[in-house]
Amino acid sequence: MAEESDQERTEPASSKRLEQAREEGDVPRSRELSTCTILLAAGASLWGMGGGLIKQLNHLLVTGLSMDRAQAFDPAVLFAHIADSLLDVLIAFAPIAGLLMLVALASPLLIGGWLFSGKALQPNFGRLNPLSGLGNMISARAGVELLKAIGKTILVGVVAWIAIMGQKNAIFGLAVEPLKQGPAHVGHMLAVCFLSIVGALVVIAAIDAPYQMWHYANKLKMTHQEVVQESKEANGNPQIKAKIRAQQREMARRRMMSEVPTADVVVTNPTHFAVALKYSDGAMRAPKVVAKGADAVAAKIRELAKENNVPLLEAPPLARALYTHTDLGDEIPEKLYAAVAEVLAYVFQLKAFRQRGGKYPEQPNEIPVPPELDPNNPAATKTAAGNDAGAIA
């Protein structure tokens, strides 16, 4: 059951999935919405320009048939007359045609937006598979399209019947109307009937557009496994990244350990913390931390220091302060200059003793560390609390 649930498409499509579908030419489209928009524009243009168009066509018809006998029997003049008449007809319909062209170009912006994809133009021989075609014919989407076509036919037929029957008396009255008024009246009636029928398509479009959006989103839904796989491809495999981070930490630890033999002194807690310091007079502005660690890492630092004769100095407050307030490669804080200077003085005396002998230097005890830098000092807690209270005030 767990495997089956993982294969269920329950996750919404990711932005990458949507982008891939768009590149392949797959975007939500509603043919009913586009058709309805174009027909509404056509009906509105007929309503606004129908009367003038009918008069203009009537004038073209009269002038087109008005010619003398010599022109009628001269083929060259006759063809030129017909060409001029056709050009006039095209000019008469140009405003309506231009409006419909603009609406046809703008209608995709309502749902899906403009799209040009070369992949959609590539041949796909899988569409010629009769089994796939049969499957599409009996699919749920085919059933929805069939119901939509039946509903559209019934709705449009009923509205058309109502619109025509409402104009029945006006249609019969055209026979007795003057010739000059009749064409304009016909154009008006056609526009009313046309807009009534197209208005019925608005209902179909209002249902079809949300359905197409829902169907598109449902079609592109992803399984949980697909979401995980896409996340791995985008951000990398978490397990591999964890191994890489572990290797990086190990390499950094090895580099840090390689610096311990070059240190001048290792300050210890004595068991919890260990911080290795290095100072070159003239080359460094202040002593730097070349290695630090806690617990097992601290033990390894102490072991390497003993193997390489690096002095170890137990100074718990100083070790805690250095471990807490410095990072690898950092110079020590200015407030610890005095404490570290005392440590280095002892180290230099110890080196001199090892080289020339003499009196063994006395190891410093109770090295002064500012209370606010020692995390275990109660004064540091009080100072932090006072700072917080001052900030709040």
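The values are calculated or read from the model by the stated rules, or taken from the named source; none is laboratory data. Worth saying up front: this structure is predicted, and the values here are computed from it rather than measured. Reconstructed Cβ throughout: ideal geometry from the backbone, glycine too, with neighbour counts over all protein chains shown.
Things worth noting here:
- The lone exception for Ile38 - which of (1) in a helix (DSSP H, G or I); (2) surrounded by fewer than 19 Cβ atoms within 10 Å (Cβ to Cβ); (3) modelled with pLDDT under 80 it fails: (3)
- Inter-residue pairs, beta-carbon under 7 Å, first basic (Lys, Arg) and in the stretch 272-285, second modelled with pLDDT of 85 or more and not in a loop (DSSP other than H, G, I, E, B), 6+ apart: Lys278/Thr262; Lys278/Lys288; Lys278/Val290; Arg285/Glu331
- Subset of the stretch 138-153 that is loosely packed, with under 11 Cβ neighbours inside 10 Å and of a type in the set (A, V, I, L, M) - its residue that is modelled with the highest pLDDT: Ile150
- Residue within the stretch 167-176 that is out of contact with any Ser or Thr (no Cβ under 8 Å at 6 or more places or on another chain) and in contact (Cβ under 8 Å) with a residue 60 or more places away in the chain present: no
- Residues located in the stretch 166-182, provided they are surrounded by 10 or more Cβ atoms within 10 Å (Cβ to Cβ), within 60 Å of the chain's Cα centre (by Cα) and part of a helix (DSSP H, G or I): Gly166, Ala170, Ile171, Gly182
- Across the stretch 208-217, the number of residues qualifying as surrounded by fewer than 17 Cβ atoms within 10 Å (Cβ to Cβ) and in contact (Cβ under 8 Å) with a residue 60 or more places away in the chain comes to 4.
- Glu233 vs. criteria surrounded by 15 or more Cβ atoms within 10 Å (Cβ to Cβ), at negative phi, in a helix (DSSP H, G or I) and at pLDDT below 85: no
- Scanning the stretch 346-367 for residues that are touching a residue at least 12 places away in the same chain (Cβ under 8 Å) and in a helix (DSSP H, G or I) yields a total of 4.
- Pick from the stretch 56-112, criterion modelled with pLDDT under 70 and small (Gly, Ala, Ser), ranking: nearest to Lys180 (Cα to Cα): Gly64
- Pairs, first in the same structural domain as Thr262 (by TED's automatic domain parsing) and closer than 16 Å to Glu250 by Cβ in the stretch 288-310, second acidic (Asp, Glu) and surrounded by fewer than 21 Cβ atoms within 10 Å (Cβ to Cβ), C-beta under 7 Å, six or more apart: Ala291/Glu259
- Residues (crowded, with 20+ Cβ neighbours inside 10 Å and in a loop (DSSP other than H, G, I, E, B)) located in the stretch 316-338: Ile332
- Here Leu313 meets each of (1) under 27 Å from Met256 (Cα atoms); (2) touching a Leu at 6+ places or on another chain (Cβ under 8 Å); (3) surrounded by 15 or more Cβ atoms within 10 Å (Cβ to Cβ) with one exception, condition (2).
- When the stretch 203-230 is limited to residues that are touching a helix residue (DSSP H, G or I) at 6+ places or on another chain (Cβ under 7 Å) and not in a helix (DSSP H, G or I), the one that is nearest to Asp26 (Cα to Cα) turns out to be Leu220.
- Residue match in the stretch 243-266 (condition: surrounded by 12 or more Cβ atoms within 10 Å (Cβ to Cβ), in a helix (DSSP H, G or I), among the β-branched types (Val, Ile, Thr) and touching a helix residue (DSSP H, G or I) at 6+ places or on another chain (Cβ under 8 Å)): yes
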